[in-house]
Amino acid sequence: MSRTTIGTVHGKTGFNNFKFLVEDPSVERMEYIKVWHESDNWILGQVLDLTKKNPTYNSDRDFDPTEEKIIAKSSIIGYRDDNGLLRPPKTPLSPGDEVYRADDSLICESLGIDRGEVYIGNLDRKDLEVNLDANELVQKHCSILAKTGSGKSYTCGVLIEELKEENVPVVVIDPHGEFHSMRKPNKSSKQKARMDEFNVSPKGYSNIDIYSTGDNLGKKLVLDGKNLGPRDIIDLLPTNPTNTQTGLLYKAVKELRGRRGDYDINELIRTIKGYDSKSKWNLINQLEVVADLNLFSANPTPIEDMVSPGKISIINLKGFKPDIQEILVTRLCNDLFMARKNEKIPPAMLIVEEAHNFAPERGFKSSASTDIMRTIASEGRKFGLGLTVVSQRPARVDKNVLSQCNTQIILKVTNPNDLKAIKKGVEGLTTEMQDEIQSLPTGVSLLVSNDIEKPVFVDVRVRKSSHGGEAVKVTKNSGKSKKKSTNKNKNKNKNKNKSKSVSGSGKTKKGTEDFAEEGEDGGLMDKIFGK
Ligand SMILES: Nc1ncnc2c1ncn2[C@@H]1O[C@H](COP(=O)(O)OP(=O)(O)OP(=O)(O)O)[C@@H](O)[C@H]1O
Ligand SMILES: [Mg+2]
């Protein structure tokens, strides 16, 4: 227990914040502190800002440096009452009350950072694990937002590793083909040096399938093209059909359904070709674009194969044109949603990277997939289909989707419009926290979650598996870093066996190790300079 005072409460105090005169110059911004309250016991607070002043200072005369005062502005987080609820003190703190550094147990208990099984990282500058509840995370959706290169995909990888170890099926929409590297253990020496800090070790995961165009990376993704309804077809078309074309489409589908057999897009094209209308040609042209993708067939990839306990299915969109990516995502998300609604697949997490492209905010772009993204965001909770949206442009992601994300992981953001969007969507975000977001180092995030009482800064843990999104080096010698070693070896016990209704079996299944060799830059130098 911390017994040395670091300051005394000073000036006017309230129920939400107070100031204190700092006696220990090592007190830092965002540090957790405590103050004894006669009726409510220890009250947890957080230093939001620090200022220095010296009343003897005058530029014309000598001044006394020992008279320098440090004032800390602090927020009051509160105390746990007899029912376990976090409350502000019943009466304000008193000037002269002594301020101490908060103990780890008080921080954990007051903030509720250790109630779950999904280990995101450690409380920034503290040796305290931050764990989220897997059920809450999946049921109530998540967003990972940050400017480019700040650690979104890396954090997403941490989330996938944790969900996989809880047996939760994960489907990842991967526009850049980054996530297949999870099959291999993390080989980065810099990151391995930090593994003791987080009590993790390198690990490659099995039961990962990659669905793509059918190249050597994985399985070919084929979607169900049988008996599509007019609305489904309109969603797939590269441009919106006119009213006349929509009429032709309805007519053709009605006719084909009347024949009582299965039909596909090619049959639909043949039927429309038989109609006597000038408008048909543009519609036929668009339908042929969809048919030529060879993405649809009467023998689609079974959605049940893609989603099973402990499985990670990566939908690698690399190589598909943006409009085709949209078609694919629309159809796949619809299939996933329907399969979950009809309980054909277990509860699962759908992760959408570059979400601003698949659920764009009105006015920036339109995308066929927006509707299904909104549906999953608003109804997924009922059916156990979780959504994690990842974006470097929060301002450009559909607000209906973002507002449904109860867990927000925000890494460094500097764009004023993106900051504004974050401010609107995050409860309990102080002005000081907004300032802090702009200067966060890579891998440090602000975590906002229903599970946790207040937004907290988290040092996201290093990955067990290899990260596939490393930046491409432009010169052969750039990016050399000194090796840093750590002798910290902390004994942390993670409670990994709590109840997990989303994980189906409730058992923790560990992936097997895969020690395939790969260079640390994942062959990127070869891609740039050629072999
Ligand atoms: N928690 C972390 N611990 C250690 N290194 C990290 C962490 N987060 C990110 N990094 C490093 O930062 C780099 C960039 O991270 P990442 O690829 O996740 O960025 P991003 O936000 O997804 O960028 P982009 O918008 O370009 O996709 C990673 O290659 C990794 O080296
Ligand atoms: Mg990324």
Once the in-chain neighbours fewer than 8 apart are removed, the aspartates and glutamates whose Cα is under 18 Å from residue 126 read 28, 31, 103, 104, 109, 114, 196, 197, 436, 453, 459
Scoring the chain by relative contact order with C-alpha pairs under 8 Å, at least six apart, yields a percentage of 22 percent
For the chain, the per residue accessible area (1.4 Å probe, Å²) is 47 Å²
1/(1 + (r/R0)^6) with r = Cβ-Cβ of residue 423 and residue 148, R0 = 22 Å, i.e. FRET efficiency to nearest 0.05, evaluates to 0.65
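Show me the trypsin sites (Lys or Arg not before Pro) within segment 59-95 that DSSP assigns to loop and that have at most 12 other Cβ atoms within 10 Å of their Cβ.
61, 90
How large is the helix-only mean residue ellipticity at 222 nm for the chain, computed as the sum of -39500 (n - 2.57) over DSSP H runs with n ≥ 4, divided by its residue count, in deg cm²/dmol to the nearest 500?
-8000 deg cm²/dmol
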Where a ≥ b ≥ c are root eigenvalues of the Cα gyration tensor, a/c under 1.5 meaning rounded, otherwise prolate if a/b exceeds b/c and oblate otherwise, the chain counts as prolate
Cα-Cα pairs in segment 5-111 separated by more than 20 Å, as a whole percent of all pairs, come to 39 percent
Whole-percent tail of the Cα-Cα distance distribution for segment 219-335, cut at 19 Å, equals 48 percent
Counting lysine pairs in segment 5-111 that sit 8 or more positions apart or on different chains, with Cα atoms under 21 Å apart, gives 20
Carbon and sulfur atoms account, in whole percent of the 1.4 Å probe accessible area of segment 224-297, for 44 percent
Taking only Cα atoms of segment 323-479, the Rg to Rh ratio with Kirkwood Rh works out at 0.99
One would report the antiparallel percent of DSSP beta bridges in the chain, rounded to the nearest 5, as 60 percent
For segment 210-356, the count of lysine pairs 8 or more apart or interchain whose alpha-carbon atoms are under 14 Å apart comes to 4
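For segment 11-66, just run the numbers: alpha carbon Rg, then divide by 2.2 N^0.38 Å, N being how many residues it has.
Cα Rg divided by the expected 2.2 N^0.38 Å: 1.49.
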Computed over segment 75-158, the Cα gyration tensor eigenvalues, each multiplied by 5 and square-rooted, give semi-axes in Å (largest first) of 30, 17, 13
P(r) over all Cα-Cα pairs of segment 369-443, 5 Å bins from 0 to the longest distance, whole percent per bin, short to long, reads 3, 14, 26, 22, 17, 9, 7, 1
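The values are calculated or read from the model by the stated rules, or taken from the named source; none is laboratory data. Computed from a prediction, not measured in an experiment: that's the story for all the values here. Cβ sites come from the backbone with ideal geometry, for glycine too, and all protein chains shown count toward neighbours. To get the accessible areas, we keep the full protein, side chains included, count just its heavy atoms, and leave off ligands, DNA and RNA. Shrake-Rupley method; radii C 1.70, N 1.55, O 1.52, S 1.80 Å.
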